[in-house]
Amino acid sequence: MPLKPVSVSQLNSYIKRILATDPILSNVSVKGEISNLTKHSSGHWYFTLKDETSRINCFLPAERVSGLRFDISEGMELIVYGSVSVYERGGSYSVYVRDIDVQGEGSLKIAFENLRRKLEAEGLFDPDVKRPIPEFPKRIGVLTSPTGAAVHDIITTVKRRNPLVDVLIYPCIVQGPEAAVSIVNGLAEMNRLFPDLDVIIAGRGGGSAEDLWCFNEESVARAIRASEIPVISAVGHEVDFTIADFAADLRGATPTAAAELAVPHMAALIDTLQLYTPQRLYQNLQTGFENYGLSLQRLRDSVENSIRSRIREAESKLELLKNDADLSNPMNVLDKGYAMAKKGGEWVERAAAFAKGDSLDLRFKDGTLVCLVQEVTIHE
């Protein structure tokens with residue numbers, strides 16, 4: 001006999017309880033290719049995980065999105081970790097995702113480029129935010145695994161180049177799911193506990209893309225930029241580029257190269273000190289005085305040339321003014337045989353100003369005539 005009929009809701013609820021109590025389905029990991037990715041405005045992500053013959057829906061809640069180490073996109077190979085659950089209202093089941101791992105070299109490149117573009121757009125890699133590396137550091141910090149080859153290479157290189165430099169080793173995890181948190185905490189603690197450090201070298205030796213991936217995580221890049229102490233990245237081999245390299249103030253192609261960038265060779269220090277011997281100081285002062293004298297001579301020549309040029313300009317202007325004054329001087333017409341009439345002490349230009357019987361002074365070049373008007377004739 002069949003069981004008593006149940007409602008759709010009761011059946012879906014029962015299936016949900018069965019799935020929730022199953023030890024495998026409540027803690028499952030599924031591998032596949034991502035498709036139909038939807039990043040909802042609520043913050044939740046919905047996508048499908050598929051292989052050659054089948055697919056399953058996945059749901060990533062908003063509170064889990066913020067903790068992702070990777071930004072996912074279409075076509076990436078993923079491993080999702082979570083539990084299988086039923087959506088009771090729709091009667092469909094899906095994977096309720098708790099965490100994600102990116103798989104495969106191609107998918108890792110996609111995740112790398114996604115994060116690189118995001119942080120670059122924020123200005124995290126801009127040259128103007130880079131801190132200068134001290135030229136002659138006294139104390140450097142090294143953030144890496146205490147047992148790896150990288151720490152040995154860095155210490156050996158530093159001591160060979162300048163044995164007076166103090167090296168502080170701060171151990172951290174540099175591989176695996178806990179590595180990013182360890183690096184971030186290490187940078188914060190080194191800044192807090194050892195603010196007198198001149199520079200920090202952060203990195204590890206070579207490995208696969210998965211081995212180096214902790215230096216491609218967003219949290220590590222932001223921790224590098226948040227450091228008050230300049231950071232030199234030192235990750236893998238010369239061909240390996242990580243997000244940490246872009247975020248750091250300076251990139252060392254290898255741990256050894258990073259140590260060489262951080263600490264100048266003692267010979268360079270000696271060459272610098274020789275610049276301050278009495279003889280070199282005297283030579284530098286003498287050269288400085290000579291250069292100063294040449295600068296003064298050039299300045300004097302420039303001033304003299306400027307003054308001469310202004311005098312010539314002033315003389316030209318005076319000559320023009322003199323010519324204008326000569327042309328406008330009414331006395332100059334007397335030199336040409338003309339005469340000028342004066343009535344009552346005022347110069348007069350028109351015959352109409354006179355009447356019969358008026359007296360006038362007629363001025364010539366060589367003298368003045370006192371005249372009496374006998375008749376006035378006005379010309380049209």
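Which count do you get for residues in segment 101-137 that are in contact with a Leu (Cβ under 8 Å, 6 or more places away or on another chain) and either exposed (fewer than 15 other Cβ atoms within 10 Å of the Cβ) or on the phi > 0 side of the Ramachandran plot (or both)?
Final tally of qualifying residues: 1.
Residues checked against (1) among the charged types (D, E, K, R); (2) without any contact (Cβ under 8 Å) to a residue 40 or more places away in the chain; (3) under 18 Å from G104 (Cβ atoms):
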{"site": "S7", "(1), (2), (3)": "no, yes, no"}
{"site": "Y14", "(1), (2), (3)": "no, yes, no"}
{"site": "A20", "(1), (2), (3)": "no, no, no"}
{"site": "P23", "(1), (2), (3)": "no, yes, no"}
{"site": "H40", "(1), (2), (3)": "no, yes, no"}
{"site": "G67", "(1), (2), (3)": "no, yes, no"}
{"site": "G75", "(1), (2), (3)": "no, no, yes"}
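Just checking, does segment 193-214 include any residue being modelled with pLDDT under 95, assigned to a helix (DSSP H, G or I) and either small (G, A, S) or more than 22 Å from the chain's Cα centre (by Cα) (or both)?
The answer is yes, given that some residue of segment 193-214 is modelled with pLDDT under 95, assigned to a helix (DSSP H, G or I) and either small (G, A, S) or more than 22 Å from the chain's Cα centre (by Cα) (or both).
Got at least one residue in segment 248-269 being loosely packed, with under 10 Cβ neighbours inside 10 Å and at pLDDT below 90?
At the first step, the residues of segment 248-269 found to be loosely packed, with under 10 Cβ neighbours inside 10 Å are none.
So far as segment 248-269 goes, no, none of its residues is loosely packed, with under 10 Cβ neighbours inside 10 Å and at pLDDT below 90.
Please indicate, with yes or no, whether at least one residue in segment 150-159 is outside any helix (DSSP H, G or I), more than 29 Å from the chain's Cα centre (by Cα) and buried (at least 18 other Cβ atoms within 10 Å of the Cβ).
No: segment 150-159 contains no residue that is outside any helix (DSSP H, G or I), more than 29 Å from the chain's Cα centre (by Cα) and buried (at least 18 other Cβ atoms within 10 Å of the Cβ).
What are the pairs, 6+ residues apart or on separate chains, where a residue within segment 176-188 that is closer than 16 Å to V199 by Cβ has its Cβ under 6 Å from a residue that is modelled with pLDDT of 95 or more?
Final answer for the pair search is G186/L143; G186/Y170; G186/C172; L187/A223; L187/S227.
Tell me, which residue of segment 227-268 that is out of contact with any strand residue (DSSP E or B) (no Cβ under 9 Å at 6 or more places or on another chain) and assigned to a helix (DSSP H, G or I) is nearest to N216 (Cα to Cα)?
I243
Condition check: in contact with a helix residue (DSSP H, G or I) (Cβ under 6 Å, 6 or more places away or on another chain) and either surrounded by 10 or more Cβ atoms within 10 Å (Cβ to Cβ) or modelled with pLDDT under 80 (or both). Does K342 satisfy that?
No, not satisfied.
Can you name the residue in segment 160-169 that is surrounded by fewer than 19 Cβ atoms within 10 Å (Cβ to Cβ) and touching a strand residue (DSSP E or B) at 6+ places or on another chain (Cβ under 7 Å) and is also farthest from L197 (Cα to Cα) among such residues?
My answer is I169.
Determine whether segment 316-337 contains at least one residue that is among the small types (G, A, S) and modelled with pLDDT of 85 or more.
Scanning segment 316-337, I find at least one residue that is among the small types (G, A, S) and modelled with pLDDT of 85 or more, so the answer is yes.
The values are calculated or read from the model by the stated rules, or taken from the named source; none is laboratory data. As the structure is a computational prediction, the values presented were derived from the model and not from experiment. Heads up, the Cβs are rebuilt from the backbone with ideal geometry, glycines too, and the neighbour counts pull from every protein chain shown.
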